[in-house]
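Input: a single structure, listed below in C-alpha cells.
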Amino acid sequence: MSDDPAESVTEPTAESDDETAASADSQSNDEDAFDFDDEVVDENSGADEGATESKDADETTAGDAASADEAETLADRVSEYDDDLAAKVADLESRVETLESEREETAERASELESRLKRTQADFQNYKKRAKKRQQQIKDRATEDFVERVVTVRDNLVRALSQDEDADIRDGVESTLKEFDRILEDENVSVIDPEPGTEVDPNRHEVMMRVESDQPADTIADVFQPGYEMADKVIRAAQITVSKDE
C-alpha cells in the first residue's frame, strides 16, 4: 500500500468497480433465471390447461355415451345378454305403449260421454219444464171446455125459473138434467146410485144409519144422496141407509 493519497483513493475505486460489475453480472444471471422460471411456469400452465380441456372432452364424451344408453330401449340392453328375454321385454314394452294409447282414448271417450250426459240432463230438465207447462195448459183448456158446456145447463135452468109460477116446468127441468148427465158422461163421470137390497160396498157407500126395512138385513134400504166416481175413482161416496135386523 502506497503512502500517496492519490493512489490510496484510486485503489479502493477500482475494487469498487469490480464489485459493481460482479453485482451487475449476478443481477443479470438472476434475471435470466427468473425468465427461465417464467417459461417453465408458462409451460406448466399450458399443460394444466390441456389437461383440463382433455378432462372436459372426456366428460362430454361420457355424457353423450350416457345419453345414447338412455336412448336405447330396455329390450336393446337385454338383447346383449338374452335374446329370448329381450323379445319378451320388447313385447311388454309394446303392450305398455298400446295400453297407454288405449288409456288416453278411454279418457277422451269418458270426457266426451260426460259432456253428452250433461247436455242430456239439461235437455231432460227443459223437457220436464215444457211437459209440466203443457199439462197445465191441457188442464186449463179441459176446465175451460167443461165450463163452456156447464154454463149451457145453467142457462136452461135460468130460463125454466123465468116461466110463470103456474107454468109446468117439469119437462124443461128433465131435459136440462139429461143434458147435464150427458156432459158428466163425456167427462167419464158416473153416478153412484145403488138399488135397494144390494150389498153394501164400503169403498163406494157411506152408511148414514140403520133403519127398519123390508129389504134383507145388512143390505141397502134406501139412497139418501147419490155419489159420483170418475175413471174408477170415487169422487163422493153415496150416502145410504142400511136395513137392520127385525
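One residue stands out in segment 208-219 among those that are of a type in the set (A, V, I, L, M) and either open to solvent by 80 Å² or more (accessible area, probe 1.4 Å) or at pLDDT 95 or above (or both): the one that is farthest from Glu185 (Cα to Cα), namely Met209. Look at Thr176 and say whether it is in contact with a Leu (Cβ under 8 Å, 6 or more places away or on another chain) and farther than 30 Å from Asp245 by Cβ. Criteria met by Thr176. There is at least one residue in segment 114-130 that is more than 22 Å from Lys244 (Cβ to Cβ) and among the acidic types (Asp, Glu). The C-beta contact set for segment 124-143 (first residue within 27 Å of Leu184 (Cα to Cα), second residue surrounded by 10 or more Cβ atoms within 10 Å (Cβ to Cβ), distance under 9 angstrom, 6+ apart or interchain) comprises Ala142/Glu187. Determine if segment 124-134 includes at least one residue that is open to solvent by less than 70 Å² (accessible area, probe 1.4 Å), assigned to a helix (DSSP H, G or I) and among the hydroxyl-bearing types (Ser, Thr, Tyr). No, there is no match, as no residue in segment 124-134 is open to solvent by less than 70 Å² (accessible area, probe 1.4 Å), assigned to a helix (DSSP H, G or I) and among the hydroxyl-bearing types (Ser, Thr, Tyr). Regarding segment 162-171, can at least one residue be identified that is loosely packed, with under 13 Cβ neighbours inside 10 Å and modelled with pLDDT of 90 or more? No, segment 162-171 contains no residue that is loosely packed, with under 13 Cβ neighbours inside 10 Å and modelled with pLDDT of 90 or more. Just one of the listed residues (Lys178, Lys244) is open to solvent by 80 Å² or more (accessible area, probe 1.4 Å), touching a strand residue (DSSP E or B) at 6+ places or on another chain (Cβ under 7 Å) and not acidic (Asp, Glu), namely Lys244. Selection of segment 80-96 for residues being modelled with pLDDT of 80 or more and exposed (fewer than 10 other Cβ atoms within 10 Å of the Cβ) yields an empty set. The set of residues in segment 226-240 being open to solvent by 60 Å² or more (accessible area, probe 1.4 Å) and assigned to a strand (DSSP E or B) consists of Tyr228, Met230, Lys233, Ile235, Arg236. Could you tell me which residue of segment 168-220 is farthest from Asp232 (Cα to Cα), considering only residues that are assigned to a helix (DSSP H, G or I) and of a type in the set (Val, Ile, Thr)? Result: Val173.
The values are calculated or read from the model by the stated rules, or taken from the named source; none is laboratory data. Everything numeric here is computed off the predicted structure, so don't read it as measured data. Here Cβ is always computed from backbone atoms with ideal geometry, including for glycine, and neighbour counts include all displayed protein chains. Only protein heavy atoms, including side chains, enter the accessible area calculation; ligands, DNA and RNA are left aside. Shrake-Rupley method; radii C 1.70, N 1.55, O 1.52, S 1.80 Å.
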